[in-house]
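The numbers here are math on the coordinates, done by the rules we state, and not lab data. Values in this document were obtained by computation on a predicted structure and should not be read as measured data. No Cβ is skipped: glycine too gets one built from the backbone with ideal geometry, and neighbour counts run over all protein chains shown.
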Amino acid sequence: MPAYGLEELTMRIRHATIAAVAALTLGVTAACGGGSGDEAKSDDITGEITLQTWALTPKFTGYLNEVIAGFQAKYPGTSVKLLDQPGDGYAEKVLAQASSNTLPDVVNLPPDMALPLARQDLLADVSKNGDLSKTYVQGSIDAYKFTGLDGVYGYPWYLNTDLNYWNAKQFKECGLDAAKPPATTQELFAQAATLKGKCPDGYLMSRKPDVTDFVRGGIKILSDDGKQFVFNTDQAAALVDQYRDAYAKGFMPPSVLNSDYQGNSKLFTQGKVAWTTGGATGLADFERDNPSLKGRIAVNKALDTPPLYVQGVSVSAKSKHPATARAFAEWITNADNQNKFGHLVNIFPSTVSSASDGYFSKDDGTPGGKARALAFDELKEAKVLIPYEVNSDMQILLDQQIALAVKGDVTSRKALDDAVAKMNQMLSRQ
Amino acid sequence: MTTTDVRPQVHADKSDGPLKRRPEVSGREKLLRYVLLLFVLVITVGPFLWQLSTSLKGAGEDIYTATPSFIPKQPTLDNYAKVAEAIPVWRYIGNSLLVAALTVGGNILFATAAGYAIARLRFRGRRVVLGLFLGTLVLPGEVTIIAQYVTVRSFGLADTLAGVALPGMVAALNVLLMYNAFRALPQEVDEAAIVDGATVPQRLWRVSLPAVRGTLAVVAIFAFIQAWDDFLWPLIVLTSPEKLTLTVGLQYLSGTFTQDQRLIAAGTMIAFIPIAILFSALQRYFFKGVEEGGVKG
């Protein structure tokens, strides 16, 4: 067994059960409900619709209300009801709504959550009304195109990416130069060795490899028809081997073997490791949690290829006011409204014309401003590093197998073979 | 304190002879016992203490330190005030209390009635009913959650607090607890009441219920904790932000872009304190009840 705590493991199993059952039920009810949705649908932009967002209130209640008020003023006779859902359990909530035909008209869905709903014909194809690529950045539109389905199943909303955050104090003490932090994974291994030489108790590396590292390394994840995982190659095994050797030499703390995403940032804030990744909003969090870190964090661009995180709004295929729902989804994702959102918090608009908004590209000298400018620049080359076919349950499974390999319990090749075999089973059930 | 001398009287006839005297404990063993007890205490209470201390820490001091520090250097109650500003915490507490009250009331009523019927009344299919109750214990709740939601929705109870409370109002485990408690009472007392002409409700109300108050307290606590702590079910049933229960509503403190750990810790404490108070108020009955129902099973 990997080093998961029993409780965590049970939670994971439970989580997997819910997802599986929900997917099953979703299939059944969606299949049954398909024929009966022929209620009178209006093409006028009017009537009451609901908007469901994901954990944006109370912080952005004011902003969302402003967007809604603007829409209602532009289209008299419409009203938009905001239902913001809490962060935890959002996937379960959406699946429950989908399986009981209560999906709100406009739903904030990241691509991986939109995929199962699009497969069940529960989301509207939004590519039919006009050319999306005139308004939105191509990479963000592609995130809502799915293999085997025609069309685009969501309007791209805000974007984010990861930056590297380095502990400048530890760099100085341990013989590294915070002005020249690692820019690639290979440099990371090299500098980790330097740090270990000077500070035997310190760590530079703070996470084990995952699917994003395979994509960064140019390893093919899926077969061309999208039906098989194929990343169990010698190249991938060599990469895992490299991490295994680094772990054996003590370049990473043992707790990375049961880390989840928040893991490396916690270790970083504690000062146990000198590196973490995080969005452009991360800096504010680190400094608020541990004020002693202020002025001690160096930022640079993500290693190798930066990741692209896309959020979007989808329109329910069963909406009673499809025209209103589409109009609102276009409204909330238009350049003007997205720019305003990006000025409130370090996220980035998915609209083409936002590139001319000087706010995002200008380094105003503050650490937050530097992070923003770096991240905005990074978005030009950012790619989606987690293929949407790899859902969270598959990531957990891969994580466990890689933990075994890094610990040295099984060979990297066997761990990858096992992961691919199980993930293929899960993929065929989707 | 020994635990063997507080056996309930019902079982007095079963105890075999006088209690054995415990041998004297050597000093070293005593020390070892205390060390082990302290160790377990640290494991169980540690995380709560950490949350408590985080919730009291000021904005100027570090939360994550290599060696955990429990005493805030700039103690403040600001974080609690900020929680109340950020989310309608009183409303959420009210919603949670309503759901908890319905769940506790429902369980006391229905678990008592069902437990008494299975333990004391003769009717066809009694064993089958008991088996069904046992059988549902094996199913994890998550498996039926979507089906349950579709059912509650078809009653028109989606997005209502009644819909949240309904499925929890009679829990199979509580029925079994009550069944066990009633079964432990001597049959003769019941038979005497029958001879005196007491009806079933009279026998339940006057003869049996007073003897199982301890188990009732256990059922009440279990039901309360279950209703107060439940997360996934209210999350799925409720959609309107103003109707959420406390555990779900507190999730708004960890937003998409910002997570203030001090606020989250303060929120956790707000959710935890009522349970701690309830438990310490009822713990006398709790332990009495656990023994009363469980020994003879």
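Assorted remarks:
- With θ taken as phi - 60° and the Karplus curve 6.51 cos²θ - 1.76 cosθ + 1.60 applied, the whole-hertz 3J(HN,Hα) list for the stretch A:397-413 is 4, 4, 4, 5, 5, 5, 4, 4, 5, 5, 5, x, 6, 9, 6, 4, 4 Hz, x standing for glycine and proline.
- The base-10 log of I(q)/I(0) for the stretch A:260-365, evaluated at q = 0.24 Å⁻¹, reads -1.32 [Debye formula, identical scatterers on Cα atoms, solvent excluded].
- In chain A, helices alone account for a calculated mean residue ellipticity at 222 nm of -14000 deg cm²/dmol, with every DSSP H run of four or more residues adding -39,500 (n - 2.57).
- Rounded to whole Hz, the Karplus (6.51, -1.76, 1.60) HN-Hα couplings of the stretch A:275-292, x for glycine and proline: 9, 8, 9, x, x, 5, 7, x, 3, 4, 5, 4, 6, 6, 5, 10, x, 5
- Dividing the convex hull volume of the alpha-carbon atoms in chain B by its residue count gives 191 Å³ per residue.
- Proximity of backbone amide H atoms, modeled 1.01 Å from N, is registered between residue A:136 and A:352 at under 5 Å, excluding neighbours fewer than 5 places apart on the same chain.
- Take each residue in B:146-158, count the other chain C-beta atoms within 10 Å of its C-beta, and the mean is 3.
- Computed log₁₀ I(q)/I(0) - Debye formula, equal Cα scatterers, no solvent, the stretch B:107-186, q 0.16 Å⁻¹: -0.69
- Mean partner shielding of peptide A:278-288, defined as the number of other chain Cβ atoms within 10 Å of each residue Cβ, is 2.
- Over all projection directions, the Cα-based convex hull of the stretch A:301-430 averages an area of 11.7 nm².
- For the stretch A:118-157, the alpha-carbon coordinates run over 28, 18, 17 Å along the three principal axes, in decreasing order.
- Each peptide in A:193-204, B:38-49 receives the mean, over its residues, of other Cβ atoms within 10 Å, and ordering these scores from highest gives A:193-204, B:38-49.
- With Cα atoms as the point set, the radius of gyration and Dmax of chain A evaluate to 22.6, 73 Å.
- Every pair of different Cα atoms in the protein assembly as shown enters the Kirkwood calculation, which places the hydrodynamic radius at 29.1 Å.
- Bins of 5 Å, starting at 0 and running to the largest distance - Cα pair percent for the stretch B:144-242: 2, 11, 18, 16, 12, 10, 10, 9, 7, 4, 1, 0
- Built amide H within the under 5 Å cut-off of residue B:62, gap 5+: A:292
- Between residue B:198 and residue B:91, the FRET efficiency estimated from the beta carbon spacing at R0 = 45 angstrom works out to 0.45.
- Phi to ³J(HN,Hα) by Karplus 6.51 cos²θ - 1.76 cosθ + 1.60 over the stretch A:188-199, Hz, x for Gly, Pro: 4, 4, 5, 6, 4, 5, 4, 4, 4, x, 8, 10
- Residue mean of other protein chain beta carbons inside 10 Å, A:94-102: 4
- Packing, taken as the mean count of other beta carbons within 10 Å per residue, orders the peptides B:218-231, A:212-225 from highest to lowest as B:218-231, A:212-225.
- Label separation (residue B:70 vs residue B:132): 5.0 nm, computed from points 7 Å beyond Cα along the C-beta direction.
- Exposure proxy order (Cβ contacts within 10 Å, fewest to most) of B:67, A:184: B:67, A:184
- Helices assigned as whole DSSP H runs in chain B whose Cα atoms extend at least 30 Å along their own long axis and whose mean Kyte-Doolittle hydropathy is -1.0 or higher are found at B:27-55, B:89-120, B:261-294.
- Relative contact order, percent, the stretch B:24-76 [alpha-carbon distance under 8 Å, six or more residues apart]: 31 percent
- Other-chain or far-sequence residues with amide H under 5 Å of residue A:79's (modelled H): A:47, A:48, A:49
- Efficiency of FRET between residue A:414 and residue A:225 - r from beta-carbon atoms, R0 25 angstrom, step 0.05: 0.45
- Just so you know, the Rg over Rh for the stretch B:24-76 is 1.22, from Cα atoms, with Rh as the Kirkwood radius.
- Computed from Cα atoms, the angle from the helix A:6-33 axis to the main principal axis of chain A rounds to 30 degrees.
- FRET efficiency estimate (nearest 0.05) - Cβ-Cβ, residue A:233 to residue A:422, R0 22 angstrom: 0.80
- Footprinting exposure proxy for A:44, B:260, A:241 (fewest neighbouring C-beta atoms within 10 Å first): A:44, A:241, B:260
- Neighbour net charge for residue B:191 - beta-carbon separation under 15 angstrom, K R +1, D E -1: +2
- Ordering of B:248-259, A:104-115 by packing [mean C-beta count within 10 Å, highest first]: A:104-115, B:248-259
- Net charge of Cβ neighbours under 13 Å - reference residue A:227; Lys, Arg +1; Asp, Glu -1: -2
- Using 0.36 nm per residue and subtracting the Cα-Cα separation, the extra length available between residue A:81 and residue A:201 on full extension is 37.8 nm.
- With each label modelled as a point 7 angstrom along the Cα→C-beta vector, the residue B:28-residue A:392 pair spans 5.3 nm.
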